[in-house]
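Some notes on the structure that comes next.
The values are calculated or read from the model by the stated rules, or taken from the named source; none is laboratory data. All values reported here derive from a predicted model rather than from experimental measurement. All Cβ positions, even for glycine, are placed from backbone atoms using ideal geometry, and neighbour counts span all protein chains on display. Ligands, DNA and RNA are stripped out before the accessible areas are found, and what is left, the full protein with its side chains, is counted by its heavy atoms. Shrake-Rupley method; radii C 1.70, N 1.55, O 1.52, S 1.80 Å.
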Amino acid sequence: MADAAAESTSPAARECVEKQRLLRMKLARIRLRRVEIQRKQWKVAELREKWLCSLQGIQFERSLVQEQRASVKSLAEHCTTQLEATSQMNAANDCFYIWHAGPFGTINGFRLGRLPVETVEWHEINAALGQVALLLETIENETPLQLSLTLLPLGSYSQVIKTVFS
């Protein structure tokens, strides 16, 4: 009876049935494609999550490196400042204050010299010469400078001895 019904159907009905079959096949392909696309979207979303986690890790490491770099830079600047300040210090300047008082040169406050108008006591001149002898010996010991004299810095009783090089 199904055969009889199929034979008795008109060509328009058969065309409609064929279109319906084609549309159902097209619908099935579209559904398959949709499922495929959803799978790909899930995979893309999963890869994106992994990528974001990786990116966050890299950004965290980058911030740590930047902080360390800033810390090292700050430390280097501090050390450079300390080095400059230290290199400008000179122990001789602190130990031997050389200046003048009126017409007299002074070392550590002791006047060097005498004038008929203003007399300076000999013990002060001798103390100043002792400071000069100590300064010269310090310079001779700290530099490659060699004097032709031997200095014996003994305060106001310092001595200068002529050395003969052979």
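Restricting attention to the range 105-141, the residues that are more than 16 Å from Gln159 (Cβ to Cβ), among the aliphatic types (A, V, I, L, M) and open to solvent by less than 50 Å² (accessible area, probe 1.4 Å) total 2.
One residue stands out among those in the range 66-104 that are open to solvent by 80 Å² or more (accessible area, probe 1.4 Å) and aliphatic (A, V, I, L, M): the one that is farthest from Ala128 (Cα to Cα), which is Val72.
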